[in-house]
Amino acid sequence: MVAVIDGLLTKEQVQTIAKRLFSAKFADGSMSGGPLGKEIKKNTQVAPNSPEYRELADFVLSIIKQNETVAINAIPRRILPPIFASYTEGHRYGDHVDAALMGQWPGMRTDLSITIFLNEPGAYEGGELVLVTDFGEQVYKGKAGDAVLYPTHYRHRVNPVTKGRRMAIVTWMESMVRDPARREIIGDLAAVMERLVATKGDEELMLRVEKARLNLLRMWADS
Ligand SMILES: O=C(O)CCC(=O)C(=O)O
Ligand SMILES: [Fe+2]
């Protein structure tokens, strides 16, 4: 299931990040593109050893961890320190599939990816995030602060930027529920529950839905 999260970052948070990124040192991002990296990945990323990186990464991680939509749909166990990427004219990230394991050995399994858009869609041409799914290509170009949360198993790309500059944050999560179909069932039940609470639904019904959700979580989650 792909979830579009409007305003994962507030305008103020986007501004805070953008201000710090302004002075950050960006390095060639093609080294981390897997075996095809150099050919298909052309961008720059904030160097993890740059002075700005740790503070920015912690700031973004704390926001992702607090987000309800992420919690409900991803049920994250671990989240990698994010990448701050810049795509200027001619930059792109061609069709690829992300590594299944990331981070220092033994690494973590990548169940979900998240892209957070850092500037407005009008600030650049091209640069869409495209997911290649069974239902055709899904194209995403969000407003500054919006995010797309998607299962990492999709083939995907970032279209070439033909004008302007695309700034985005990208990271990966390992879920306590590794099967996307199971995560979707638990997410659906959470959505039903949310609706029942908001509409002051029948208490017995709410109890049964919540019982089902929690017991499925108990059955399927590895903490
Ligand atoms: O920038 C994006 O939206 C996605 C980038 C990407 O696919 C990656 O870093 O693996
Ligand atoms: Fe990717």
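Quick note: the coordinates plus some simple rules give every number you see, no bench work behind them. Model, not experiment: these values are computed from the prediction. We place every Cβ from the backbone using ideal geometry, glycine too, and count neighbours over all the protein chains shown.
The table for this structure:
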{"read-out": "Ranked Glu137, Glu174, Glu203, Glu210, criterion: other C-beta atoms within 10 Å, fewest first", "value": "Glu203, Glu137, Glu210, Glu174"}
{"read-out": "3J(HN,Hα) from dihedral phi, the stretch 133-144, Karplus parametrisation 6.51/-1.76/1.60, rounded to Hz, x for glycine, proline", "value": "10, 4, 9, x, 7, 9, 10, 10, 8, x, 7, 4"}
{"read-out": "Value of Rg to Rh for the stretch 180-220 (Rh from inverse mean 1/r over Cα pairs, i.e. Kirkwood)", "value": "1.00"}
{"read-out": "Helix-only [θ]222 nm of the chain, DSSP H runs n ≥ 4, -39500 (n - 2.57) each, per residue, nearest 500", "value": "-10500 deg cm²/dmol"}
{"read-out": "Fewest-first sequence of Ser175, Ser62, Ser86 by Cβ atoms within 10 Å of each Cβ", "value": "Ser62, Ser86, Ser175"}
{"read-out": "Amide proton proximity set for Lys42, modelled H, under 5 Å, gap of 5+", "value": "Arg92, Tyr93, Gly94"}
{"read-out": "Calculated from backbone phi, Karplus (6.51, -1.76, 1.60) coupling profile of the stretch 210-223 in Hz, x at Gly/Pro", "value": "5, 4, 4, 4, 5, 6, 5, 4, 4, 6, 10, 7, 10, 8"}
{"read-out": "Distance between the stretch 157-223 and the stretch 4-71 - C-alpha centres, whole angstrom", "value": "23 Å"}
{"read-out": "Residue-by-residue Karplus 3J(HN,Hα) for the stretch 161-177, coefficients 6.51, -1.76, 1.60, Hz, glycine and proline x", "value": "7, 9, 6, x, 9, 9, 10, 8, 10, 10, 8, 10, 10, 9, 9, 5, 10"}
{"read-out": "Burial ordering of Leu149, Leu61, Leu112, fewest other beta-carbon atoms within 10 Å first", "value": "Leu61, Leu149, Leu112"}
{"read-out": "Candidate aspartates and glutamates - alpha carbon under 13 Å from Lys11, same-chain residues fewer than 8 apart omitted", "value": "Glu120, Asp146"}
{"read-out": "Hits among aspartates and glutamates - C-alpha to C-alpha of Lys42 under 14 Å, sequence gap 8 or more where chains match", "value": "Asp28, Glu89, Asp95"}
{"read-out": "Rg/Rh (Cα only; Kirkwood hydrodynamic radius) as it applies to the stretch 3-175", "value": "0.92"}
{"read-out": "Only Lys, Arg (+1) and Asp, Glu (-1) charged, at Cβ; the chain dipole about Cα centre in debye", "value": "480 debye"}
